[in-house]
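Student: Before I ask anything, let me first share the structure, which is written out below as structure tokens.
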Amino acid sequence: METTAPRAATHAEATRERERRDIVSGEVRDEAALIRFVVGPGGDVVPDLARKLPGRGLWVAADRESVTAAARKGLFARAAKAKAQAAPDLADLVEGLLRTRLLSGLGLARRAGDLTSGFEKVSAAISSGKAAWLIEARDGAADGRRKLLALARKQPEPPRLVGLFTAEELGLALGGENVIHTAFLAGRAAERWAQDVQRLSGFCPLLPEDWREEPKEAKREP
């Protein structure tokens, strides 16, 4: 009698199986929706975005309000049952670290061949259905962005849009002078990157205010 080997869990499925309790709300949630903190040797609360630092993890929902509340109300010390000092601007620190982590992820993706840049290459990636993310420089010209978004809307599953970074920031991350249009190709790397995008969305908008003229369906957030 033949037996079927169990299907290996995907990265996203494995992440969903790990749940932790948010120290602010008391709710049990997926790790992907939380930020891990640890208390350092000096009693300072340290964000652990990679979830690798030693020590007991203190988990907070990935949004500005929750992190601010945990710092203001002394919830880290209560959960750790030890001295724990959280900086008043802890939420700003987490936002900055997440932005840096996303840019680093783009650099890794470029070296692995999971990223393509330039208007023509991005257009081809969108047309072929290979683009999971459309990453547009927040200070790029609207004309090129609109053309790519119009192309994206024709796809059965349009790539999601991010406008967090300037052309200079993208260029530094990707090894180019200035980068305006980038596509993150679908795959496990894009899934991992999406988790950090989702977490960052709790701290700042993913799109600039002056992009509000773009069609709503083109601005799906993760």
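Student: Among the GluC sites (Glu not before Pro) within region 18-69, which fall in a DSSP loop and have no more than 15 other Cβ atoms within 10 Å of their own Cβ?
Tutor: Answer in residue order: E27.
Student: For every helix of n ≥ 4 consecutive DSSP H residues, a contribution of -39,500 (n - 2.57) applies; sum these over the chain, divide by its total residues, and give [θ] at 222 nm rounded to the nearest 500 deg cm²/dmol.
Tutor: Mean residue ellipticity, 222 nm, calculated: -11500 deg cm²/dmol.
Student: Tell me the relative contact order for region 61-119 as a rounded percent, counting alpha carbon contacts under 8 Å between residues six or more apart.
Tutor: 23 percent
Student: Suppose a student asked you for the relative contact order of region 74-222, using Cα pairs under 8 Å spaced at least 6 residues apart; what percent would you report?
Tutor: Result for region 74-222 is 29 percent.
Student: Here's another thing I want to ask about it. Set the Förster radius R0 to 35 Å, insert the Cβ-Cβ distance between L53 and Q198 as r into 1/(1 + (r/R0)^6), and round the FRET efficiency to 0.05.
Tutor: The pair L53/Q198 has a calculated efficiency of 0.95.
Student: Here's a follow-up. Any chance you could count the Lys pairs in the chain whose alpha carbons are under 25 Å apart, treating pairs 8 or more apart or on different chains as valid?
Tutor: 17
Student: When averaged across all projection directions, what area in nm² does the alpha-carbon convex hull of region 157-210 cover?
Tutor: The number I arrive at for region 157-210 is 4.5 nm².
Student: For region 79-222, what is the percent of antiparallel DSSP beta bridges, rounded to the nearest 5?
Tutor: If we restrict to bridges inside region 79-222, about 75 percent are antiparallel.
Student: Which three semi-axes in whole Å describe the equivalent ellipsoid of region 37-159, each the square root of 5 times a Cα gyration tensor eigenvalue, listed largest first?
Tutor: Three semi-axes, in Å: 40, 15, 12.
Student: In addition: PRE reach from F119 (point 7 Å along Cα→Cβ): which of region 145-169 fall under 13 Å by backbone N?
Tutor: 145-149
Student: Hey, what did region 34-84 get for relative contact order, percent, Cα under 8 Å, at least 6 apart?
Tutor: The value is 35 percent.
Student: Sticking with this structure for a sec: Order these peptides, 174-182, 95-103, 80-88, by their mean beta-carbon neighbour count within 10 angstrom, highest first.
Tutor: Ranking, from highest mean packing down: 174-182, 95-103, 80-88.
Student: Right, another one. Provide the FRET efficiency to the nearest 0.05 for the E27-Q85 pair, computing r from the beta carbons and using R0 = 25 Å.
Tutor: 0.50
Student: Probe radius 1.4 Å, ligands and nucleic acids ignored: give me the carbon and sulfur share of the accessible area of the chain as a rounded percent.
Tutor: That share works out to 50 percent.
Student: Continuing with the same structure: Would you mind getting the accessible area per residue of the chain, heavy atoms of the protein chains only, 1.4 Å probe, in Å²?
Tutor: Solvent-accessible surface per residue comes out at 54 Å².
Student: What distance in nm separates the two pseudo spin-label positions at T166 and R188, each 7 Å out from Cα along the beta-carbon direction?
Tutor: Here the modelled spin labels are 3.6 nm apart.
Student: Sticking with this one: Please list I23, I135 from largest to smallest accessible area, probe radius 1.4 Å, with all protein chains kept in place.
Tutor: Order by accessible area, largest first: I23, I135.
Student: Using the alpha-carbon centroid of each, what span in Å lies between region 93-164 and region 29-85?
Tutor: Region 93-164 and region 29-85 have Cα centres spaced 31 Å from each other.
Student: Kirkwood hydrodynamic radius, computed over distinct alpha-carbon pairs, for the chain: how many Å, to one decimal?
Tutor: Across the chain, the inverse of the average 1/r is 18.9 Å.
Student: How many nm is it between the label spots at E177 and A141, if each spot is 7 Å from the Cα in line with the beta carbon?
Tutor: Taking the two extended label points, one gets 1.5 nm.
The values are calculated or read from the model by the stated rules, or taken from the named source; none is laboratory data. Just so we're clear, the structure is a prediction, and the values are computed from it rather than from any experiment. Every residue, glycine among them, receives a Cβ derived from its backbone with ideal geometry; neighbour counts consider all protein chains shown. Remember, those area values only see protein heavy atoms, side chains included, never the ligands or the DNA or RNA. Shrake-Rupley method; radii C 1.70, N 1.55, O 1.52, S 1.80 Å.
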